[in-house]
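Here is the structure we will look at, set down as structure tokens.
Just so it is clear, none of the values below were taken in a lab; they were calculated from the coordinates. Because the structure is a prediction, the values reported are computed rather than measured. Cβ placement follows ideal geometry from the backbone for every residue including glycine, while neighbour counts extend to all protein chains displayed.
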Amino acid sequence: GNAYLPKGAQGSREHCFFLMLIKFLFQVKQATNQIVMNCADIDIITASYAPEGDEEVHATGFNYQNEDEKVTLSFPSTLQKGTGTLKIDFVGELNDKMKGFYRSKYTTPTGDTRYAAVTQFEATDARRAFPCWDEPAIKATFDISLVVPKDRVALSNMNVIDRKPYPDDENLVEVKFARTPIMSTYLVAFVVGEYDFVEARSLDGVLVRVYTPVGKAEQGKFALEVAAKTLPFYKDYFNVPYPLPKIDLIAIADFAAGAMENWGLVTYRETALLIDPKNSCSSSRQWVALVVGHELAHQWFGNLVTMEWWTHLWLNEGFASWIEYLCVDHCFPEYDIWTQFVSADYTRAQELDALDNSHPIEVSVGHPSEVDEIFDAISYSKGASVIRMLHDYIGDEDFRKGMNLYLTKFQQKNAATEDLWESLEKASGKPIAAVMNTWTKQMGFPLIYVEAEQQEDDKVLKLVQKKFCASGPYTGEDFPMWMVPISICTSDDPTCAKMQILMDKPELTLVLKDIKPDQWVKLNLGTVGFYRTQYSPDMLESLIPAIRDLSLPPVDRLGLQNDLFSLLHKQADMQEEKNRIERVLGAISQPELIQKVLTFALSVSYWKSCCFLTS
Ligand code: BES
Ligand code: ZN
């Protein structure tokens, strides 16, 4: 379509409109005299349908169903089966709601207030920019042209293939972009504004640009370096090339989310993309690297292969939220970024998922208005955590094989969660769907009780799983059960699994060969499994030396600390257990933390005594 952008500084209360013409080439599969499309806050001027090689028919009625965000176009005669072109002229509002096609206010270096025009379509706001079918499973190619003031930057998903003066106004130019691959409408994007950029070519030959506010190009250099390293990483990881000739990353002054993975034109809020080289801390560089890694992962996982319906959104977001760490760990090993994953995503997911009002990762979405509700920490952080566990259970080599199978089989198409499980099952020969359904279709996660008994040179371990609840022991009538990939290490080598086993029942007894009485045993290497562990008192005490001498890696100490802290209030005998936990936590942490833990423990015992008094 052609967008005409009114220029000049508009007052924020004023309305501001754009004119567009959109043409759809499609097939009428069944004769009809009505076409129903998604459409919101748009005024159609004319609409007509022309069957291939035949005269066009004008629609005579536009019936807007505002609640449903739809419009029905009625034609005076029947549109017969076959190919044809639907043309719609319309006016839309360049709104100030940060969705659809909206205006973003910025200040120039000289202090003037100006506006850029930007899109944000996911999940269901493409319909505010043009009448369309923006459900993820309806894919098409897009040819986009923008008519813009000639001194403005105009960007879209693809590279520019033509730029010429606009005949009706010498201040305007028409910019034409190359045809996109087959894609979902929610990934279409265009931006018009004033920007500077820095550019580089990635090792795999893709032109990468980072667009920044005017005068701040320097601040795009870090993201540029990340993107140029990230593209070849994903190409190699998936063994599928990035299919477009360019990718732009742009910082938008007014942006609702953190970033959006539009194919070839990724939009970011400024704090998620720009780094001031003279004045920034490593945590903001880490954040930018993660966000860039996340959105670029979607270029394959989400854009090339798209979820069938929003029910599978958790997979899209959970996957990207996991692989962003894999990518940053590859590009910046010095960040030790997986420790951040455990302290941010994993811990947060467990805290939320232990509450009675949590929900399964996979929730069925009916009306698109329900989509926003599932963009939450359970989809993102628990989603990422269970994929991390899955990757570890499968092993990197087979996992990559499975990813390649999935991405090549469904490229330019749509897929459901089960399709990924099937590909990973094929590549690994492991029961992926059975394992993963226990994590995605039910809420919560298990607490694994473990005790060990020395039998001559062996240790016999007894494991029991029960749902973990923040509010106290689980008392539900059903017995939720998870298929838990368990890894076990010993003091022989705290970084290498002595045994790996799938716990597919409520109780499990294992024999660890050749483990002397003075050797300790720990579950959940690297804090990868999405469960908590409760050790028998002697097993827990035996870990103290490895905590003190730091031979237990930081992520393992962190996991242990989280588990202990969460279990503290569950102990029946407060004094004895408090002393033990104090000793272990004391070995892990600084005095302030112990103080915090103890205050908490005391408040719990105080709270408990209150309960006794009242009951
Ligand atoms: N696809 C999402 C952006 C999105 C979220 C659009 C919700 C519409 C509604 C994007 O890939 C994303 O996940 N962005 C995150 C940042 C990311 C690094 C976790 C965000 O915006 O918070
Ligand atoms: Zn995402």
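Across the range 120-126, computed HN-Hα scalar couplings (Karplus, 6.51 cos²θ - 1.76 cosθ + 1.60, θ = phi - 60°) run 9, 9, 5, 8, 10, 10, 4 Hz from first to last residue, x flagging Gly and Pro.
The stretch between D504 and E541, if pulled fully straight at 0.36 nm per residue, gains 10.5 nm over its current Cα-Cα span.
Within the shell defined by Cβ-Cβ distances under 14 Å, the residues around F255 carry a net charge of -2, with Lys and Arg each +1 and Asp and Glu each -1. Taking the Cα atoms of the chain, the ratio Rg/Rh between the radius of gyration and the Kirkwood radius comes to 1.04.
Between T60 and D492, the simple label model (points 7 Å from Cα in the Cβ direction) yields a spacing of 8.5 nm. The share of C-alpha pairs in the range 344-486 whose separation exceeds 20 Å stands at 57 percent. Lys/Arg Cβ at +1, Asp/Glu Cβ at -1, dipole of the range 442-553 taken about the Cα centre: which of C469, L552, Y535 is farthest positive-ward? Farthest along the dipole direction, towards plus: C469.
Distance from the alpha carbon centroid of the range 169-240 to that of the range 401-477 works out to 38 angstrom.
With all pairs of separate Cα atoms included, the range 444-543 yields a Kirkwood hydrodynamic radius of 14.1 Å.
Residue order for Y268, Y64, fewest other beta carbons within 10 angstrom first, comes to Y64, Y268. Measuring against 18 Å, Cα to Cα, the residue pairs K462/K513; K430/K459; K221/K278; K459/K498; K382/K467; K467/K578 contain K430/K459; K467/K578 as the ones spanning a longer distance. Straightening the chain between V214 and Q412 buys 67.7 nm, computed as 0.36 nm per residue apart minus the Cα-Cα spacing. Panel values: the range 397-441, Kirkwood radius from alpha carbon pairs, Stokes-Einstein at 20 °C and 1.002 mPa s, translational diffusion coefficient 202 µm²/s. Taking 28 Å as the straight-line reach from the Cα of K29, the lysines in range (excluding those fewer than 8 positions away in the same chain) are K70, K81, K87, K139, K409, K413.
When I588, I394 are arranged by Cβ crowding within 10 Å, least crowded first, meaning fewest neighbours, the order is I588, I394.
Between the C-alpha center of the range 32-62 and that of the range 331-365 there is a gap of 47 Å. Of the residues Q412, C281, L326, the one whose Cα sits farthest toward the positive end of the charge dipole of the chain, with +1 on the Cβ of Lys and Arg and -1 on the Cβ of Asp and Glu, is C281. Shape summary of the range 21-138, radius of gyration then Dmax from alpha carbon positions: 17.0, 59 Å. Placing +1 on the Cβ of every Lys and Arg and -1 on the Cβ of every Asp and Glu, with nothing else charged, gives the range 368-510 a dipole about its Cα centre of roughly 340 debye.
Projecting the Cα atoms of Y106, L502, L25 onto the charge dipole of the chain (Cβ charges, centred on the Cα centre) puts Y106 farthest toward the positive pole. A simple charge model with +1 on the Cβ of Lys and Arg, -1 on the Cβ of Asp and Glu and nothing else charged puts the dipole of the range 311-411 at about 360 debye relative to its Cα centre. If only the Cβ of Lys and Arg carry +1 and only the Cβ of Asp and Glu carry -1, the dipole of the chain around its Cα centre is close to 620 debye.
In vacuo Debye scattering of the range 236-365, one point per C-alpha: log10 I(q)/I(0) at q = 0.15, 0.18 Å⁻¹? The Debye formula, applied to the Cα set alone, gives -0.84, -1.17. Mind running the shape call on the range 72-144? Use the C-alpha gyration tensor, a ≥ b ≥ c as the square roots of the eigenvalues: rounded below 1.5 for a/c, prolate if a/b tops b/c, oblate otherwise. Taking the square roots of the gyration eigenvalues as a ≥ b ≥ c, the range 72-144 is prolate. Take every pair of alpha-carbon atoms less than 8 Å apart whose residues are at least six positions apart; their mean separation over the length of the range 152-262 yields a relative contact order of 25 percent.
In this simple spin-label approximation, D143 and N239 carry label points 7 Å from Cα along the Cα→Cβ vector, and these lie 3.7 nm apart. Remark on the range 302-364: ratio of C-alpha radius of gyration to 2.2 N^0.38 Å is 1.33. When M499, M389 are arranged by Cβ crowding within 10 Å, least crowded first, meaning fewest neighbours, the order is M499, M389.
Taking 0.36 nm per residue of separation and subtracting the Cα-Cα distance, full extension of the segment from D276 to D112 would add 56.8 nm.
The calculated pair-distance distribution of the range 145-281 uses every alpha carbon pair, bins of 5 angstrom beginning at 0, and gives 2, 10, 18, 21, 21, 16, 8, 4, 1, 0, 0 percent.
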